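Taken together, the values in this text are just the output of simple stated rules run on the coordinates, not laboratory data. Model, not experiment: these values are computed from the prediction. Glycine gets a Cβ as well: all are built from the backbone with ideal geometry, and neighbour counts include every protein chain shown.
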């Protein structure tokens, strides 16, 4: 990645987190540990990537710190924002019968999407104004992994239809359909919004998508625990947690 893209991504992932909680960004603190071998132009390039995205989302750079060392580039970002109590969204509000939606397409991280993705801040704001979002998360670790966070915190299960999963055109067409599907489910770093709404609200979204990007109805929340993938032949398999696992 170029230093500009590294700086951009450091801010973008934080904006994505805030969007998934129903927040509006207003400022950020950015700290850098710069490799001594790279020089001042490298530092300027990193910050250029940060500042360009900050300006796009009207986010002020309120402070931070800069140091140099003999190691690799380290960027630390703390994002600050606001959310009205009525608009804040958690992972714990999904209920049986809710419809599961996702924005955009999945699986393009190996095609550089993980560096150039657009944080869904505006899309989240539009959705909050259009429907009542029960639960939401941004897909940083992959669909199969991040869906589990909503299910665990809400105490519910889910059924996802395999043919409904929006597969990124960045995934190689030389792969089999099964391999492409697996990448869309587990590659991670999509930074799309995965959320649940009531069936009535879901019907409204299907009739009139308020976003300028794709919005897909993936499946439903169930009272039965666990996540399942409903295949085209009608069989149902366990959607096992895959994707990035944090070793903490």
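Using the average count of surrounding beta-carbon atoms within 10 Å as a protection proxy, the listed peptides 112-121, 211-220 rank, highest first, as 112-121, 211-220. DSSP beta bridges confined to the chain are antiparallel in about 65 percent of cases. Packing, as the average of other Cβ atoms within 10 Å across residues, places the peptides 3-12, 78-87 in the order 3-12, 78-87, highest first.
Looking at (1) 0.97; (2) 1.06; (3) 1.00, which value of Rg/Rh (Cα atoms, Kirkwood Rh) comes from a calculation on the structure shown? Here the calculated entry is (3).
The base-10 log of I(q)/I(0) for segment 3-82, evaluated at q = 0.12, 0.20, 0.23, 0.24 Å⁻¹, reads -0.32, -0.80, -1.01, -1.08 [Debye formula, identical scatterers on Cα atoms, solvent excluded]. Here the residues 240, 90, 183, ranked from fewest to most Cβ neighbours within 10 Å of their Cβ, fall in the order 240, 90, 183.
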